[in-house]
Structures are given as C-alpha cells and as structure tokens.
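The values are calculated or read from the model by the stated rules, or taken from the named source; none is laboratory data. Note that this is a predicted model, so its numbers are computed, not measured. Don't worry about glycine lacking a Cβ; one is built from the backbone with ideal geometry, like all the others, and counts go over all protein chains shown. The accessibility values were calculated without ligands, DNA or RNA, using every heavy atom of the protein model including side chains. Shrake-Rupley method; radii C 1.70, N 1.55, O 1.52, S 1.80 Å.
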Amino acid sequence: MNNIRLIVSDLDGTLLSEDHSLTEPVKEAVRRFRANGGMFTIATGRFGLAAQKIVEELDIDIPFILCNGSVIADRSRVWSASTLELRELTPFLLAAERSGVTVMLFEEAGVSVLSRTAAVEQFEIKEGIRCVVVDPSEEGWQGKPLQKILLIGDMRRIRELWELHLPSFNRSYATIQSEDDYFEVIPPNQSKGSALKKLAELLQVTPAEVLGIGNQLNDMDMIEYAGVGAAVANSHPELKAKASFVCSRCYGDGVVEAMEALGLLSPVSETEEDIR
C-alpha cells in the first residue's frame, strides 16, 4: 500500500472536524506525507472562495477539485471549468423556493440566493461569505454562468420537484446528494471521480497510486476510481459498502488513521519531538 503518491480528500465531513476546521493532527499528517514526497489535494463541493482558506492553511501546491468536479483550479488559475445556464431551470428553482427549499446559485465570484433563509445564514457563518439576494422578477439574473446550484431542504420534496420538471429540460444535468439535505445540480458528465481522473492524468499518477477519502454519496465515484478508496467512520452507509478501507475514526481523525494504516507518513524527526 506504500505505493500511494497522491491523496485526494473531501473536506466537510471528512478532512475537516465537525466544526469545519482543520485540526493540528490533520495538518501535521499532511505535512509529513508531503515531506515523504507525496502529493496532497482536496475534492470538495465548495467553490473557490469557500475553499481558499483551507487551501492556504494546507499550502496545497497542486490543482484541487471544486464544485463537485465541475472546476479544477490551483491557487493562481482555473485549469478547467464547466458552467450552467439558468433559463430552463428557472421554473424548477422558483417552484422549489415557493415550497420552502433554499436555492443557492454559485458563480466563481460569489453566491446568490432567491431569499434569505436560516440555511443561508448557517452557510454564511460556516463559509465566512455573504450571499447576495436576487429578485427573480428582474431581468438579467438568469443569464449568469453558474458553476453549480445548491438546494437545501427536504430531499424527498426536492427530488419530486426535479422529476416533475425533468421532462421540460432540453439539456442534461448531473445531480448529486452531497449531504442529507443538500441537492446539487452541476453541468453534465461532471463529478469528483471524473475530475480526479483528469487530475491524475495531469499529474501522471495511475489510479493504483491514489488514495481517495470521503464521507458522502458525492464521493462515491472518487473512491471507486482510486486504488484505495477510504470512508471515514461517519460516512454514509452506501459509501462504506463501496470503500476498500473503512476507518474506525470520524472526520479528520479518520483521514489520519487511513494514512497511518497505509504507512504513508514519514517518521517524526528528533527536532520535531523536542519541539513537542
């Protein structure tokens, strides 16, 4: 298992702690893996601004995956991006908003919402980003290219509305459940797994040399692509069933556990022991 050259980890629910922060053991494990010649990056549903702080904290120096696979970027530029158009999705989004579902629209530069809800306020606190409320009756709001759409609410109701409107769509879309109450719409043929395949080819890494780690259904094809697909202990049962390594610990502690179990961490130097 020590042939792993690239680790790709989901963020929320996986690498980050329950309060959405990086713990010191996680940061140290990433540093030790990289000191041993390894490459470490992230694959997240977050868009660029929301992932920026984590990228900087970990000093990630290779491309990372954003928006559940529709964007690959590094700290200086976007390598590839697919976008959505809103016009034919508008009736579905307005129906969802009327039914009490939170609708969030992600551009590269920021996030718009159809109304201010408790879910929006929780998102703003978690991400440290202020959302802009758009008026659907105004011209122009439908013309913006989006990286993804996020609906937050009762999953059964959201899926019912999606199936109801699906026959009216002329384009195809990819949909992902990224949390128990998160339904995401992204451009077709995009996913964390497809983006990881592109990234591995770019870095000249084979699937057998990849460790993919996640916790939710949107991580499924990523861990299936990786030579070792790991699920942290707090993962969705379906993801655990597909994983080749199931951690006994949750969140970032589970990521560190997987790295240790696969022998991917360089020894701690005497100097570092002295500092401790």
(request) Determine the alpha carbon to alpha carbon distance for each of LYS126/LYS242; LYS144/LYS242; LYS126/LYS198 and list only those over 32 Å. (result) LYS144/LYS242
(message) Take HIS20 and ARG75, extend 7 Å from each Cα along the Cα→Cβ direction, and tell me the distance between the two endpoints in nm.
(response) 2.3 nm
(request) Could you work out the Rg to Rh ratio of the chain, with Rh taken as the Kirkwood radius (inverse of the mean 1/r over all Cα pairs)? (result) 0.99
(request) Work out the FRET efficiency for LYS198 and SER137 from their Cβ-Cβ distance, taking R0 = 35 Å, and round it to the nearest 0.05. (result) 0.35
(message) Please give the charge dipole size of region 156-259, origin at the Cα centre, charges +1 on K and R Cβ atoms and -1 on D and E Cβ atoms. Round to the nearest 20 debye.
(response) 200 debye
(request) Assuming a ≥ b ≥ c are the square roots of the Cα gyration tensor eigenvalues, decide whether region 168-221 counts as rounded (a/c under 1.5), prolate (otherwise, with a/b larger than b/c) or oblate. (result) oblate
(request) Write down, largest first, the equivalent ellipsoid semi-axes of region 14-135 in whole Å, where each equals the square root of 5 times an eigenvalue of the alpha-carbon gyration tensor. (result) 31, 17, 11
(request) Using only the Cα atoms of region 140-180, build the gyration tensor, take square roots of its eigenvalues as a ≥ b ≥ c, and label the shape rounded, prolate or oblate: rounded if a/c is under 1.5, else prolate if a/b is larger than b/c, else oblate. (result) oblate
(message) Among GLY100, GLY140, GLY153, which one shows the highest mean-square fluctuation when the chain is modelled as a Gaussian network with alpha-carbon springs under 10 Å?
(response) GLY140
(message) Give me the 1.4 Å probe accessible area per residue for region 1-91, excluding ligands and nucleic acids, in Å².
(response) 41 Å²
(request) Order these peptides, 250-256, 212-218, 133-139, by their mean beta-carbon neighbour count within 10 angstrom, highest first. (result) 212-218, 250-256, 133-139
(request) List, largest first, the extents of the alpha carbons of region 99-184 along their principal axes, each in whole Å. (result) 36, 32, 22
(request) For region 66-174, build the charge dipole from Cβ charges (+1 Lys, Arg; -1 Asp, Glu) around the Cα centre, then report which of ILE129, ASN170, TRP79 sits farthest towards its positive end. (result) TRP79
(message) How big is region 1-68 along each principal axis, measuring the range of its Cα positions in Å and listing the largest first?
(response) 31, 23, 20
(request) Give, in whole angstrom and from largest to smallest, the semi-axes √(5λ) of the equivalent ellipsoid of region 210-254, with λ running over the eigenvalues of the Cα gyration tensor. (result) 14, 11, 8
(message) Per-residue counts of other Cβ atoms within 10 Å, averaged by peptide: what ranking do you get for 92-99, 185-192, highest first?
(response) 185-192, 92-99
(request) Among the aspartates and glutamates, select those whose C-alpha is under 19 Å from the C-alpha of LYS53, and discard any that sit fewer than 8 residues away in the same chain. (result) ASP10, ASP12, GLU18, ASP19, GLU24, GLU28, ASP61, ASP74, GLU107, GLU108, GLU124, GLU127
(message) At a 10 angstrom cut-off on C-beta neighbours, averaged per residue, how do the peptides 196-202, 41-47 rank from highest to lowest?
(response) 41-47, 196-202
(message) Compute, for the chain, the length of the dipole vector about the Cα centre, with Cβ point charges of +1 (Lys, Arg) and -1 (Asp, Glu) only. Units Debye, rounded to 20.
(response) 640 debye
(message) With only alpha-carbon atoms in the gyration tensor, what are the semi-axes of the equivalent ellipsoid for region 184-271, in Å, largest first?
(response) 24, 18, 10
(message) Suppose R0 equals 22 Å. What FRET efficiency, 1/(1 + (r/R0)^6) with r the Cβ-Cβ distance, do ARG171 and ARG98 give to the nearest 0.05?
(response) 0.45
(request) Give the share of C-alpha pairs in each 5 angstrom bin for region 78-229, from 0 to the last occupied bin, in whole percents, shortest bins first. (result) 2, 8, 17, 19, 20, 15, 10, 6, 3, 1, 0
(request) Give me the percent of the accessible area of region 124-276 that comes from carbon and sulfur atoms, probe 1.4 Å, all protein chains in place. (result) 49 percent
